[in-house]
Amino acid sequence: MPRIERSATVTWEGNLARGTGKISGDTGAFTELPFSLPTRIGKAEGRTSPEELLASAHGGCLTMGLAGELTQNGTPPTRLDTSCLVVMDELEGAGHQIVASHIRVRVDADGVDAQTLATLLEQADASCPFSTLLRNAGVEVDIQLA
């Protein structure tokens with residue numbers, strides 16, 4: 001696989017408590033996604049957060065990896081439904097940290113038994129750069145079939 005580089009632009013106006021920001025992918029795939037401190041730590045109210053974007057990235061990466069593993073196994077998926085919950089918590093002496101990423105995957109694929117599916121999921125997890133990044137940072141990564 002070739003080297004992959006992607007970038008985003010973030011603008012922020014105002015102080016932390018009352019300010020607002022916008023995140024845009026430089027590809028144009030998403031533009032000016034709004035975020036703020038109140039919607040980051042409280043009700044989202046239609047705004048995103050860095051944690052939601054991390055959950056999207058981790059879930060998306062793992063899902064693509066599993067699709068590849070299933071395809072290489074000769075049992076390509078008809079559908080994969082993945083949910084990812086990223087947890088940030090306050091750690092004594094360390095401030096707020098990402099502490100966990102919980103992924104649940106529902107698989108619709110013909111001809112794959114439960115044991116093989118579990119092995120393929122482990123392989124997808126092992127090859128997912130986001131899983132590796134999070135684990136190397138000491139984050140709990142929990143991936144289960146739904």
(message) Step by step: first the residues of segment 62-107, then only those that are in contact (Cβ under 8 Å) with a residue 60 or more places away in the chain and not in a strand (DSSP E or B), then the one that is surrounded by the fewest Cβ atoms within 10 Å (Cβ to Cβ). Which residue is that?
(response) Gly65
(request) Under 6 Å between Cβ atoms, at least 6 apart or on separate chains: pull out the pairs that start in segment 108-137 with a residue that is within 16 Å of Pro77 (Cβ to Cβ) and end on any residue that is surrounded by fewer than 15 Cβ atoms within 10 Å (Cβ to Cβ) and modelled with pLDDT of 95 or more. (result) Asp108/Thr78; Asp108/Arg79
(request) Being basic (Lys, Arg), assigned to a helix (DSSP H, G or I) and surrounded by 15 or more Cβ atoms within 10 Å (Cβ to Cβ) narrows it down to one of Arg40, Arg47, so name that one. (result) Arg40
(request) Please find, among Arg40, Arg47, the residue that is touching a Phe, Trp or Tyr at 6+ places or on another chain (Cβ under 8 Å) and closer than 28 Å to Thr20 by Cα. (result) Arg47
(request) List the number of the failed condition for Leu134; all other conditions in (1) surrounded by fewer than 13 Cβ atoms within 10 Å (Cβ to Cβ); (2) under 27 Å from Leu37 (Cα atoms); (3) not β-branched (Val, Ile, Thr) hold. (result) (1)
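The values are calculated or read from the model by the stated rules, or taken from the named source; none is laboratory data. Because the structure is a prediction, the values reported are computed rather than measured. FYI the Cβ positions are ideal-geometry reconstructions off the backbone, even for glycines, and counts take in every protein chain you see.
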